[in-house]
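Scroll down for the structure; my scribbles are underneath it.
The values are calculated or read from the model by the stated rules, or taken from the named source; none is laboratory data. Because the structure is a prediction, the values reported are computed rather than measured. Virtual Cβ from ideal backbone geometry, glycine too; neighbours counted across all protein chains shown. These accessible areas exclude ligands, DNA and RNA; they are computed on the full protein's heavy atoms, side chains included. Shrake-Rupley method; radii C 1.70, N 1.55, O 1.52, S 1.80 Å.
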Amino acid sequence: MRGIYKLYGQGAAEVRALDGIDLDITAGEFVAVMGPSGSGKSTCMNILGCLDVPSAGEYLFRGVDVASLDRDELALLRRKFMGFVFQSFNLLPRTSALANVELPLIYENVSRKRRKRLALDALRLVGLEDRADARPNQLSGGQQQRVAIARALVTEPPFLLADEPTGNLDTRTADEIMHRLVELRNERDLTIVMVTHEPDIAMYAERVLFFVDGRIQRDGPPAEVLT
Ligand code: ADP
Ligand code: ADP
């Protein structure tokens, strides 16, 4: 990102959600995004995830200027290169863990047989292959979040965006999820950008961006930024 601004409203009501962001994220980095409520974290994530466009500035994703892409190209880029995980797991309640994980592959026109195999692989990745037939309400919060992570990773995207992925989980379960993310990062060279309010969770990242008033006020290793 170079000189990224995002403005909402006009005149006296204008809000600078992002006020000049310069940011390079390297493939394979694990980045935690922190800062007070309203500091621009979600806005920055939405732009990183190509879900929203900046008011000014340049965002290159894998060397491509995102502003040069139309709606369909952006949707394709998201499907091919990005996985999303949210605080609320957003699973379909009436279908099995396996069917939930298969979902992104349906849009990719992957055959039924191959879908099942890839979804089982993804569930194995998060240690849940033995619960493939369970519905979300038969799973714990941590297990549901692991299903959501499997769904985000089933297409093998290189970039995972997570918005408070452990926000609804108890400390022990949150630690388990974070261990798994760190392992995945190492195994797959996955790039992870994760919003969190918890310093203990941010410690799992190798880099923390601390947002204040739409700017990155601090950027460095967690031990440095969080003291
Ligand atoms: P969080 O602080 O948990 O990240 P927010 O409450 O700041 O969540 O924002 C949630 C979503 O609501 C944001 O992605 C944004 O698009 C939208 N939003 C936030 N503030 C406003 C606002 N003042 N007006 C309209 N939409 C907003
Ligand atoms: P955070 O995620 O750090 O809580 P946000 O990125 O959600 O911060 O919001 C940054 C600022 O932009 C806040 O002042 C928020 O109210 C404002 N904002 C966010 N989304 C919208 C929107 N859709 N419309 C108007 N204001 C918004």
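Each listed q (0.11, 0.23 Å⁻¹) maps to a log10 I(q)/I(0) for the range 97-190, found by the Debye formula over equal Cα scatterers with no solvent: -0.29, -1.24. Spread over its residues, the convex hull of the C-alpha atoms of the range 80-128 is 92 Å³ per residue. Note on the range 29-137: Cα Rg divided by 2.2 N^0.38 Å, N the number of residues, gives 1.29. Sorted from greatest to least, the principal axis extents spanned by the alpha carbons of the chain come out as 53, 42, 32 Å. Across the range 32-72, Cα-Cα pairs more than 14 Å apart make up 50 percent of the total. Only protein heavy atoms count here; under a 1.4 Å probe, L105 has an accessible surface of about 10 Å². A simple spin-label model places pseudo-atoms 7 Å from Cα toward Cβ; at A56 and D213 they are separated by 1.8 nm. Computed over the range 34-90, relative contact order equals 21 percent, with contacts defined as Cα pairs under 8 Å that lie 6+ residues apart. Convex hull volume of the Cα atoms of the range 2-74, normalised per residue: 102 Å³. This model, with +1 at the C-beta of Lys and Arg and -1 at the C-beta of Asp and Glu, gives the range 94-227 a dipole about its Cα centre of some 820 debye.
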